[in-house]
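Structure, as structure tokens:
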Amino acid sequence: MPQPPVFDVLGVGFGPSNLALAIAVTEHNAAARPEDVVTAHFLERQPRFGWHRGMLIEDATMQVSFLKDLVTLRNPSSSFSFLNYLHGRGRLVDFVNHKNLFPLRVEFHDYFEWAAGKVDDLVSYDHDVVSVEPVADGGPVTHFDVTSRTPSGEVEVRRARNLVVATGLRARLPEGVVQSERIWHNRDFLRRVEQLEDPRRLVVVGAGQSGAEVTAFLHERFRDAEVCAVFARYGYSPADDSSFANRIFDPAAVDDFYTAPEDVKRRLMDYHANTNYAVVDHDLIADLYRRVYREKVVGAQRLRLLNLSQVAGLEEHPGGVRVTVESLSDGRRATLDADVVVYATGYREADPTGLLGTLAGRCRRDEHDRLRVLRDYRLETDDGIRGGIYLQGGTEHTHGISSSLLSNTSVRVGEILQSVLDRREPAVPVQPAYAVSALHTA
Ligand code: FDA
């Protein structure tokens, strides 16, 4: 049996988190002595780099400053910065004149693709990781065998001392709702909307950033259609992006959160959930309100906000979907015949243990059955596991709100890389006697 290649680091998933890690490894290796070089490889199921392609709505902007790119907070002089990308694209001066910290989402996607292209040799696309097996030679687990499958069914195994699982978020739908030709999650929005012809009525469920973006997009794209936004809130709530609140995304906030007792962690999440969850950019709220008001003035209302409401039933038939909307105030119900219903109901963290097979049972859990995660983002395992399993994402309960976001990515990957280096087994010193006898043998 041929032995699989052995890496210091094997990354599962190649979104921005592991892309940032690939860059950190590349920069480390460029300056490292040969014995300090870190070998790394990344496996990504998509055929090429892609970051939430279904929501690359043309005028949507980032919710994070361009300075929180893949590298700058870790290494401000990195050649992988957004500014260097802009310079390469010939837009640096134009961007400066724009006086804007928040680039277009399509632009940041282009930046990610540009950066991914520069570390292409470290990635295998079209590789869906399907399992991880522990490798123990009669002693502790020192390595992991990672199996991936390509779309053509080829199976490959790679071996690594450390895994970094960064598989992102999963689309969340209310219980009982199943995606279909006419019932979508906004994750696939742009791909699906291209196939939509001449709709009469569209329903959007949810009042977060994605729900508001989808509502605005549909209203603009389909000028003859009615767009109904259904949500439980009274109105769209603004994202708190004020300076002090923004500190919750600081690298230092991770330390504060990590060491805080459980009830303080919960309070911090409650205080600052409105920096990220179920909230909408101020400009977009103003834009939607302007549209509703304008339609009131001209007397042709086709953007309808069904607030304080929920979807109580969905009935799909060949011509569309019959949506029952229930008022949370008085329980009254109304039906809407729609061509399509778009659920913008958010995402949940992916459970990394699904991939870990027998290793899952060897990961320690807290009293709420959540994975215990060390400060260096490594899963706490039993003492028989020496290899490291690191998480990027899925650590909100231990490391706080920035866990699934871009804000802290560049710093986090620096910490993970440092941990991998610190945990390296010291090289066995070559004794002069051994070296001499080895020479004799040769
Ligand atoms: P991400 O989900 O990006 O990548 C995970 C990768 O793993 C994917 O490419 C997936 O294909 C791959 N994968 C999964 N399972 C696999 C397997 N078994 N084998 C191989 N590959 C596998 N945050 C922020 O800070 N500012 C912002 O402006 C935004 N904007 C934003 C817009 C939209 C529409 C969404 C949905 C989310 C955001 N976010 C955000 C939050 C978002 O989570 C964040 O921007 C990054 O996507 C996190 O990067 P990751 O690499 O961790 O996950």
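The values are calculated or read from the model by the stated rules, or taken from the named source; none is laboratory data. These numbers come from a predicted model, not from an experiment. Here the Cβ positions follow ideal geometry from the backbone for every residue, glycine too, while neighbour counts run over all protein chains shown.
May I ask you to list the residues in segment 193-209 that are free of Cβ contacts under 8 Å to residues at least 60 places away in the same chain and either among the polar types (S, T, N, Q) or closer than 30 Å to residue 273 by Cβ (or both)? First the steps, then the outcome.
Keep residues of segment 193-209 that are free of Cβ contacts under 8 Å to residues at least 60 places away in the same chain, which gives 193-195, 197-198.
Within segment 193-209, 193, 195 qualify.
Please pick out the residue among 348, 322 that is of a type in the set (D, E, K, R), in a strand (DSSP E or B) and within 16 Å of the ligand (Cβ to nearest atom). Walk me through it before giving the result.
Values: 322 fails: within 16 Å of the ligand (Cβ to nearest atom).
Only one candidate passes the filter, namely 348.
Name the single residue, out of those in segment 243-273 being more than 23 Å from the chain's Cα centre (by Cα) and either assigned by TED's automatic domain parsing to the domain that holds residue 376 or assigned to a helix (DSSP H, G or I) (or both), that is farthest from the ligand (Cβ to nearest atom). Don't jump to the end; show me each part of the working.
Here is the first cut: in segment 243-273, the residues more than 23 Å from the chain's Cα centre (by Cα) are 243-244, 259-264, 267.
Applying the additional criterion that residues be either assigned by TED's automatic domain parsing to the domain that holds residue 376 or assigned to a helix (DSSP H, G or I) (or both) yields 243-244, 259, 262-264, 267.
Values: 243: 17, 244: 18, 259: 23, 262: 24, 263: 26, 264: 23, 267: 22 Å.
Looking at the filtered set, the residue picked out is 263.
Kindly evaluate residue 130 against the criterion of being away from the ligand (no atom under 15 Å from the Cβ), under 30 Å from residue 359 (Cα atoms), in contact with a strand residue (DSSP E or B) (Cβ under 7 Å, 6 or more places away or on another chain) and assigned to a strand (DSSP E or B). Walk me through it before giving the result.
Numbers: away from the ligand (no atom under 15 Å from the Cβ): no; under 30 Å from residue 359 (Cα atoms): yes; in contact with a strand residue (DSSP E or B) (Cβ under 7 Å, 6 or more places away or on another chain): yes; assigned to a strand (DSSP E or B): yes.
So residue 130 fails the test.
Please work out which residue is surrounded by the most Cβ atoms within 10 Å (Cβ to Cβ), limiting yourself to segment 285-319 and to residues that are charged (D, E, K, R) and part of a helix (DSSP H, G or I). Walk me through how you get there before you give the answer.
Step one: filter segment 285-319 for residues charged (D, E, K, R), giving 287, 290-291, 294-296, 302, 304, 315-316.
Okay, now just the ones that are also part of a helix (DSSP H, G or I), so 287, 290-291, 294-296.
Details: 287: 16, 290: 10, 291: 18, 294: 12, 295: 15, 296: 11.
If we take residues in segment 285-319 being charged (D, E, K, R) and part of a helix (DSSP H, G or I), then 291 is surrounded by the most Cβ atoms within 10 Å (Cβ to Cβ).
Checking the conditions here, which among 349, 367, 425 is exposed (fewer than 15 other Cβ atoms within 10 Å of the Cβ) and at pLDDT below 95?
425
Could you count how many residues in segment 372-396 are farther than 22 Å from residue 6 by Cβ and more than 16 Å from the ligand (Cβ to nearest atom)?
Here the count works out to 6.
Which of the strands (runs of 3 or more DSSP E) found entirely inside segment 144-228 contain at least 1 residues meeting this: within 30 Å of residue 282 (Cβ to Cβ) and more than 11 Å from the ligand (Cβ to nearest atom)?
Numbers: elements: 155-165, 169-171, 183-185, 201-205.
Output list reads 183-185, 201-205.
If you check every pair at least six apart or on different chains, which have Cβ atoms under 8 Å apart with a residue in segment 374-401 that is assigned to a loop (DSSP other than H, G, I, E, B) first and a residue that is polar (S, T, N, Q) and more than 16 Å from the ligand (Cβ to nearest atom) second?
Listed pairs, sorted by first residue: 376/418; 376/419; 377/419; 386/142; 387/142; 387/162.
For segment 234-244, state whether one or more residues are over 30 Å from residue 410 (Cα atoms), in contact (Cβ under 8 Å) with a residue 40 or more places away in the chain and surrounded by 15 or more Cβ atoms within 10 Å (Cβ to Cβ).
Narrowing segment 234-244 to residues over 30 Å from residue 410 (Cα atoms): 234-236.
So of that shortlist, the ones also in contact (Cβ under 8 Å) with a residue 40 or more places away in the chain come out as 234-236.
With the extra rule that they be surrounded by 15 or more Cβ atoms within 10 Å (Cβ to Cβ), the set shrinks to 236.
Yes, that holds for at least one residue.
Counting only residues that are surrounded by 15 or more Cβ atoms within 10 Å (Cβ to Cβ) and either at pLDDT below 95 or outside any helix (DSSP H, G or I) (or both), how many does segment 92-108 have?
3
Assuming residue 115 fulfils every condition listed in (1) crowded, with 21+ Cβ neighbours inside 10 Å; (2) over 27 Å from residue 62 (Cα atoms); (3) not aromatic (Phe, Trp, Tyr) apart from one, which condition is it?
Answer for residue 115: the failing condition is (2).
Kindly indicate whether any position in segment 330-337 is within 19 Å of residue 211 (Cβ to Cβ) and either surrounded by fewer than 20 Cβ atoms within 10 Å (Cβ to Cβ) or within 16 Å of the ligand (Cβ to nearest atom) (or both).
no
Can you confirm whether segment 108-118 contains a residue that is free of Cβ contacts under 8 Å to residues at least 40 places away in the same chain and within 12 Å of the ligand (Cβ to nearest atom)?
No, segment 108-118 has no match at all.
Give segment 404-422 a look and list any residue that's at pLDDT 95 or above, in a helix (DSSP H, G or I) and either polar (S, T, N, Q) or not assigned by TED's automatic domain parsing to the domain that holds residue 159 (or both), or say none.
Filtering segment 404-422 for residues at pLDDT 95 or above gives 405-422.
From what's left, in a helix (DSSP H, G or I): 409-422.
409, 410, 418, 419 - these are the residues of segment 404-422 that are at pLDDT 95 or above, in a helix (DSSP H, G or I) and either polar (S, T, N, Q) or not assigned by TED's automatic domain parsing to the domain that holds residue 159 (or both).
Do you know which of the residues in segment 27-59 that are within 11 Å of the ligand (Cβ to nearest atom), assigned to a loop (DSSP other than H, G, I, E, B) and of a type in the set (A, V, I, L, M, F, W, C) is farthest from residue 218 (Cα to Cα)? Quick ask: steps written out before the conclusion?
First, pick out the residues of segment 27-59 that are within 11 Å of the ligand (Cβ to nearest atom): 42-57.
Subset that is assigned to a loop (DSSP other than H, G, I, E, B): 44-52, 56-57.
From the residues that got through so far, the ones that are of a type in the set (A, V, I, L, M, F, W, C) too are 49, 51, 56-57.
Working: 49: 27, 51: 22, 56: 14, 57: 11 Å.
By that ranking, first place goes to 49.
Checking residue 137 against (1) modelled with pLDDT of 95 or more; (2) of a type outside the set (Phe, Trp, Tyr); (3) under 30 Å from residue 355 (Cα atoms), which test does it fail?
(1)
Looking at segment 14-26, which of its residues are buried (at least 19 other Cβ atoms within 10 Å of the Cβ) and either modelled with pLDDT under 95 or outside any loop (DSSP other than H, G, I, E, B) (or both)? Working first, answer last.
Keep residues of segment 14-26 that are buried (at least 19 other Cβ atoms within 10 Å of the Cβ), which gives 14-25.
If the condition is that a residue be buried (at least 19 other Cβ atoms within 10 Å of the Cβ) and either modelled with pLDDT under 95 or outside any loop (DSSP other than H, G, I, E, B) (or both), then 16, 17, 18, 19, 20, 21, 22, 23, 24, 25 are the ones that fit.
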